[in-house]
1. Can you name the residue in the stretch 182-205 that is open to solvent by less than 10 Å² (accessible area, probe 1.4 Å) and out of contact with any Leu (no Cβ under 8 Å at 6 or more places or on another chain) and is also nearest to VAL45 (Cα to Cα) among such residues?
2. Please specify each residue of the stretch 132-152 satisfying the condition of being assigned to a helix (DSSP H, G or I) and more than 22 Å from TYR170 (Cβ to Cβ).
3. Taking LYS225 as meeting all but one of (1) touching a strand residue (DSSP E or B) at 6+ places or on another chain (Cβ under 9 Å); (2) closer than 30 Å to THR40 by Cβ, write down the number of the exception.
4. Among the numbered criteria (1) under 11 Å from CYS76 (Cα atoms); (2) out of contact with any strand residue (DSSP E or B) (no Cβ under 6 Å at 6 or more places or on another chain); (3) open to solvent by less than 40 Å² (accessible area, probe 1.4 Å), which one does PHE143 miss?
5. State yes or no: is LEU129 in a helix (DSSP H, G or I), touching a Cys at 6+ places or on another chain (Cβ under 9 Å) and under 20 Å from SER262 (Cβ atoms)?
6. Looking at LYS156, LYS254, LYS233, which is the one that is touching a strand residue (DSSP E or B) at 6+ places or on another chain (Cβ under 6 Å) and open to solvent by 60 Å² or more (accessible area, probe 1.4 Å)?
7. Quick one: which of LYS263, LYS225 is of a type in the set (Lys, Arg) and modelled with pLDDT of 95 or more?
8. Tell me the helices (runs of 4 or more DSSP H) entirely within the stretch 183-264 that contain at least 3 residues that are within 29 Å of LEU154 (Cβ to Cβ).
Amino acid sequence: MKNLFSKKIAAILLVAVIALIVVFKMYSEEKTPLKPIKKTYPPGVVFTFDDDYIDDWYNAEKLLRPLGWKATFFVCWYGSLTRDQKDKLHYLQDMGHDIAGHGYNHLNALKYSKEFGIQKYIEDDIIPLKAAMKKDGFNIHSFAYPDGARDAELDKELLKHFDIIRGTTYDEIPAPQQYCYYEGNRLVYGLGIDDDYKQFNIPYYKTLLDYAKAHDKIVIFYGHKTVENADEKIETPLYALEELCKYTKEKGLKFYTIDDLSKL
């Protein structure tokens, strides 16, 4: 009899436990989404430009100001800039553009760090750049790798010094397969728009903007010297840049800077 009573108690307890589990599960599913909600952003574009072509960037700003564009300028060889060029950088910053870092001496981070070590690279090309620019009123928060040369170890170290770092990607591939979209990461990739790149194709760039519009993406482009007549390497034709900015505005896309991304 005692054994039978114990079995009944055990059965009752088991049913009670199962009931509690069912209730808890129902409550959890009601309060918590079954799948994490992916964060979305107003679709748009980030135009970035590398090196020390300050005079040309200044001319591009004058041309594109009526379109309300924004860009990020990754500066290198800062120690050789003239006072006039630094003043123009301040003007660009005042107009809402980002002034960012591209190495004090434009060292290839991958090659230099493999030969001398990552800390030596940081000491020679990053710390002097940040110090010199900060002294002149540029507190830089983002960085673009010279030549796009990077690896995971470098990323880890550089993210101790910057909010976002930019690498590069290439080729004219279908829009859904491209890597030049902001995905909420501190490492981003830009697609080149200089006219000597094999993927230079304005209609193709527009398909990336269309894809961004349709899927709440942010496209990241990069160029170098912004000129009226592109007849040398690493030059972005002003007509192409103007057309892309107009298309961005027509499609209702937003202009971002790299620093904007870190605040999303």
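The values are calculated or read from the model by the stated rules, or taken from the named source; none is laboratory data. Note that the structure is predicted; figures quoted are calculated from it, not measured. Ideal geometry is used to build each Cβ from the backbone, glycine not excepted, and the neighbour counts take in all protein chains shown. Keep in mind that these areas ignore ligands, DNA and RNA; they rest on the heavy atoms of the full protein, side chains included. Shrake-Rupley method; radii C 1.70, N 1.55, O 1.52, S 1.80 Å.
1. Checking each candidate, the answer is GLY190.
2. Passing the criteria: ALA132, MET133, LYS134, LYS135.
3. (2)
4. The number of the failed condition is (2).
5. For LEU129, the condition - in a helix (DSSP H, G or I), touching a Cys at 6+ places or on another chain (Cβ under 9 Å) and under 20 Å from SER262 (Cβ atoms) - is met.
6. Residue meeting the stated conditions: LYS254.
7. LYS225
8. 202-215, 258-262
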